[in-house]
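See structure below.
The values are calculated or read from the model by the stated rules, or taken from the named source; none is laboratory data. Predicted model, so just to flag it, every value in this text is computed and none were measured. Reconstructed Cβ throughout: ideal geometry from the backbone, glycine too, with neighbour counts over all protein chains shown.
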Amino acid sequence: MDSVYFNAQHSPIGAFASFTLGYPGARGGLGLELRQPANQSVFIGLESHEKGVFDALPFFKEAEDEARRYDVEAPEDHQPKADAIIRPFAREAVGRKLTLASDTWTAGDLTFRIFSPVRTVPDPGFAEAEQVKQAICPAVLVEMEVDNTAGTAARRAFFGYQGNDPYSAMRRLDDRTEGDIRGVGQGRITAIASDDASLESAMAFSIEQVVAPKIPENRVFGLGGVGGLVGTVEAGERRTFRFAVCFYRGGIVTSGEPTAYYYTRYFSRIEQVAAYAMANFDTYRQWAVEADAMLEQSRLSDDQKFMLAHAVHSYYGSTQFLQWVGEERDGRPYWVVNEGEYRMMNTFDLTADQLFFEMKMNPWAVRNELDTFIDRYSYRDQVRFPGDDTLHPGGISFTHDQGLANHISRAGYSTYELFGLSGCFSHMTHEQLVNFVLCAAVYIHGNEDEGWLRINRQVIADCLESLVNRDHPEPAKRNGIMGLDSSRTMGGAEITTYDSLDESLGQARNNLYMAVKTWAAYVALERLMHMLGADNLADLAGSQAVRAADTLLRAMTPEGFIPGVMFEGNDSKIIPAIEGLVFPHLTGCPGAVKPDGRFGKMLDALKRHIDTVLRKGTCLFDDDGWKLSSTSNNSWLSKIYLSQHVYRHVLGLPWDERGRAADAAHVRWLLEPERSAYWAWSDQMISGQAWGSKYYPRGVTAILWLDE
C-alpha cells in the first residue's frame, strides 16, 4: 500500500456506529449514526524515554484553551498547565496492518490493535438469547501493548478522545460503576472503558492535563471536553492494556414507524455494554483472529485481501439491527443496511449486491429484508411506451429504499424516487423488480428454504407477470428485455442504480446491463416455477430468457461490442454487460452459463464484448483501473469487484499482469490522500478519487472472490 494513513471503520454488528481511525488530524473518532467520521481528536500515546514528554499517533489536533470560554479576562498563565508535552510520532515511524477483523498500529514501543466483529449473527427467531447478545454487543475491542523492557523508568500510556456532541457532556464512567469499570464517555452514547483497576480515568480541557495533571485530584474536572484512560508500565516490563470502545442508543430511534435497537433487549445503558464486552474479551479476540486467518489463508493477492477487508469494515459501519415497537409487530427484528454517507435505509439496489456477503454471514437477514419489501414496500403500477400516454397492465414492483437517516418512509414509497424525471431521482421500478426476483432466488437456493418460496408463491408469480408486462403488451412483439416505463414516472423515464452516470448505464429501457440482469431473473424464475409445479409459468419464463439472449445477439455490432443502450443509436461500451452472469450459479441454474448450453452463443457474445471493451481509451483508465463506461469517468468499485469475479469465475478469462495492475490501481484509488483516504471504503470514483457513495457498505461484493 502507498500509505498507512487512511480511515477505516471499526464497528459492532448492527449498531450503526463506528470507531473510525487512520486519517491524520482530528478526522476520526467515535461516531453513532453519522454520515461521515466523527471528526474528533483521538489520543493514543506513550511517554517517551524523556520524562514528561509523550509521543502519540497523529490522530489529533492541538485544542484551543477551553478555559478561555469561561474566564475571558484571565491572564495568560491563569489556567494551570500540565508539564507534559504531547507530540505526534514521525509519520514515517508509524506502521500499520489492516486485516479483515483487526487493525494494528505500531510506533516505537507502542502497539495499538483494534478488533472488530466479523461473524455470523444467529437467526433471532431460533437462537438462544445469549448467542444473539454476544454477537451484537455494541462494542469493539482494543489492546494497547507497551514494551518498556529496555526502559529505566516507569512510562505512562493513554487512550482517549475529545467529545464533540453538542447535546452531551463528557463524563467518567467510574462514577456509576463503583470502580468495576473505568472509563470516559460522551453522555450515554459513546465511551472508552476497561475493567483494569490499574487504569485511571480522567477529564480535562486538554490531553496534557489528562495525562500529567499537576494536581491529580483535578482529573475529575467536569467541564473537561477531553477524556482518557491512563496506565503506567514499570521499567523492565511489557504490558498490555485492554479496552472496550462502546456505543449505545436507547429508546425509540426512528420516526415514521417506531423501532429500537435490538441490543436494548440485553443492555439498558452503556456501562452494561462495557462490562459485558470486557467479560467476553477473550472470546471476541479469538473470533477476530479466526476471521483474519480465514482471509490470510485464502489465495487472494495482497491487494485483493486489502480491498475485501477494507470493504467489510465499512459494510458493518452501516448496519443497523432494530426491532419494531408496537402492538402489531412488537419485538420483531428489522435488519437495515444504511447507504453510507447518504444514510438511505435498505436501498434495494445495494441489497442486491450486499446479498452475496449476507448469504455467507446472515441468510436470515436477506429473508428479513425481502419480507419487509413484500409487506411494506411493494406497489403495483401500469406501464407505457415512451412518448405515448396509453397505459398498459404493469404489476408488482418494489421501492428504491425504506427510509432515510432513521426515518422509516411511508408504506409503498421510498425517500429517493421523484416523478416526471428521466435522470437521477427518477424511479427504478424495473430494476427493483429484477432485484427482488434475484435476491429471492439466491436466498431460496442458498438457504434451501423452499418453505419461504411456497409461502410467497403468489408474490413470485406476480413478479413474473410484471416482468413480462414491462416487455411488450403483445406477446408476439416481446424481446425479453424492458421496453416500457412505469406509470410512476409520470411522463419521465426509469433509471438504474447507476443513477449518476450518463445514459450508457443510467437509462433503464433497452439498457444492456439491465437486459442481462433481466435474463438472469427469467432463468431463476423458470427454476422457481418448476419447484412450485407451475410448469406453464416456467415455460413462459424460459421463453423470455431465450428472447432476451436472442436480443443481445441481434444488438452485437461488427466491432465486437454491444451498445450500452441498444437500438437507440448509442455507442457507449460498458463493463457491467457481464454483471448479471453472476446469478445462475447462485440461484441453482449453473447450466445457464455453460459454454455448450442453450445460452452458449450469448456467453460467447458477452465474452467477445468484454474482450473488446477492456482496452485503454475505452474501458480502462490510463492507470489500468477499470472504467465502467467508455463515456463516463465515474467508476464504481463495488461493481468492478463483481464484474471481475464474473470475468474470472464465470467466463473463465485469465487474470494476468493486466488484471493485477488493475487491482493495484483500485487500491491507489482508495488510498488517494486528497479525497478518498478520509472516507474509508468508498464506491464512486471519478478518475481515481472518491466523489460520491463515500463511507459506503457496497464493496462487500468482493466476498465473491473467495469462491473462485
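Which of the residues spanning the stretch 1-20 are of a type in the set (Gly, Ala, Ser), under 18 Å from the mean Cα position of the chain (by Cα) and part of a loop (DSSP other than H, G, I, E, B)?
If the condition is that a residue be of a type in the set (Gly, Ala, Ser), under 18 Å from the mean Cα position of the chain (by Cα) and part of a loop (DSSP other than H, G, I, E, B), then SER11, GLY14 are the ones that fit.
Given the criterion of a type outside the set (Gly, Ala, Ser), within 21 Å of ALA508 (Cα to Cα) and at pLDDT below 95, identify the matching residue among ASP353, ASP389, ASP381.
Unique residue meeting the criteria: ASP389.
Working carefully through the options SER194, SER198, SER168, find the one that is surrounded by fewer than 24 Cβ atoms within 10 Å (Cβ to Cβ) and over 15 Å from TYR248 (Cα atoms).
Of SER194, SER198, SER168, the one residue that is surrounded by fewer than 24 Cβ atoms within 10 Å (Cβ to Cβ) and over 15 Å from TYR248 (Cα atoms) is SER198.
Specify the residue that is modelled with the lowest pLDDT; the eligible residues are those in the stretch 155-185 that are over 14 Å from GLY222 (Cβ atoms) and either of a type in the set (Gly, Ala, Ser) or not assigned by TED's automatic domain parsing to the domain that holds GLY224 (or both).
GLY179
Tell me, which residue of the stretch 417-439 that is of a type in the set (S, T, N, Q) and assigned to a loop (DSSP other than H, G, I, E, B) is farthest from GLY483 (Cα to Cα)?
The qualifying residue farthest from GLY483 (Cα to Cα) is SER426.
Would you point out the residue of the stretch 145-154, among those that are surrounded by fewer than 24 Cβ atoms within 10 Å (Cβ to Cβ) and not small (Gly, Ala, Ser), that is modelled with the lowest pLDDT?
The selected residue is THR152.
Here is a check on your reading of the model: is ALA538 over 25 Å from GLY569 (Cα atoms), in contact (Cβ under 8 Å) with a residue 12 or more places away in the chain and surrounded by 23 or more Cβ atoms within 10 Å (Cβ to Cβ)?
no
Count, please, the residues in the stretch 329-338 that happen to be over 17 Å from CYS137 (Cα atoms) and surrounded by fewer than 23 Cβ atoms within 10 Å (Cβ to Cβ).
Residues in the stretch 329-338 being over 17 Å from CYS137 (Cα atoms) and surrounded by fewer than 23 Cβ atoms within 10 Å (Cβ to Cβ): 4 in total.
Is it the case that the stretch 394-410 has a residue that's in a helix (DSSP H, G or I) and assigned by TED's automatic domain parsing to the domain that holds ARG470?
no
Has the stretch 324-339 got at least one residue that is touching a residue at least 24 places away in the same chain (Cβ under 8 Å), among the small types (Gly, Ala, Ser) and assigned to a helix (DSSP H, G or I)?
Checked the stretch 324-339: no residue is touching a residue at least 24 places away in the same chain (Cβ under 8 Å), among the small types (Gly, Ala, Ser) and assigned to a helix (DSSP H, G or I).
Restricting to the stretch 313-328, and then to whatever is touching an Asp or Glu at 6+ places or on another chain (Cβ under 9 Å) and farther than 20 Å from ASN7 by Cα, can you tell me which residue is surrounded by the fewest Cβ atoms within 10 Å (Cβ to Cβ)?
That would be GLY326.
Consider the stretch 414-466. How many of its residues are touching a residue at least 60 places away in the same chain (Cβ under 8 Å) and either acidic (Asp, Glu) or not assigned by TED's automatic domain parsing to the domain that holds ALA365 (or both)?
So the answer is 6.
Tally the residues that are within 15 Å of PHE398 (Cβ to Cβ) and not in a helix (DSSP H, G or I), restricting the search to the stretch 462-481.
Total satisfying the criteria: 1.
Please specify each residue of the stretch 246-295 satisfying the condition of being out of contact with any strand residue (DSSP E or B) (no Cβ under 7 Å at 6 or more places or on another chain), under 24 Å from LEU34 (Cβ atoms) and among the small types (Gly, Ala, Ser).
GLY250, SER268
Of all residues in the stretch 413-439, which are among the hydroxyl-bearing types (Ser, Thr, Tyr), within 19 Å of THR372 (Cα to Cα) and at pLDDT below 95?
Once the filter is applied, which keeps residues that are among the hydroxyl-bearing types (Ser, Thr, Tyr), within 19 Å of THR372 (Cα to Cα) and at pLDDT below 95, the stretch 413-439 yields only TYR416.
Check the stretch 385-408 and report whether any residue there is farther than 20 Å from GLU503 by Cα, among the small types (Gly, Ala, Ser), surrounded by fewer than 16 Cβ atoms within 10 Å (Cβ to Cβ) and touching a strand residue (DSSP E or B) at 6+ places or on another chain (Cβ under 6 Å).
Checked against the condition, which is being farther than 20 Å from GLU503 by Cα, among the small types (Gly, Ala, Ser), surrounded by fewer than 16 Cβ atoms within 10 Å (Cβ to Cβ) and touching a strand residue (DSSP E or B) at 6+ places or on another chain (Cβ under 6 Å), the stretch 385-408 yields no hits at all.
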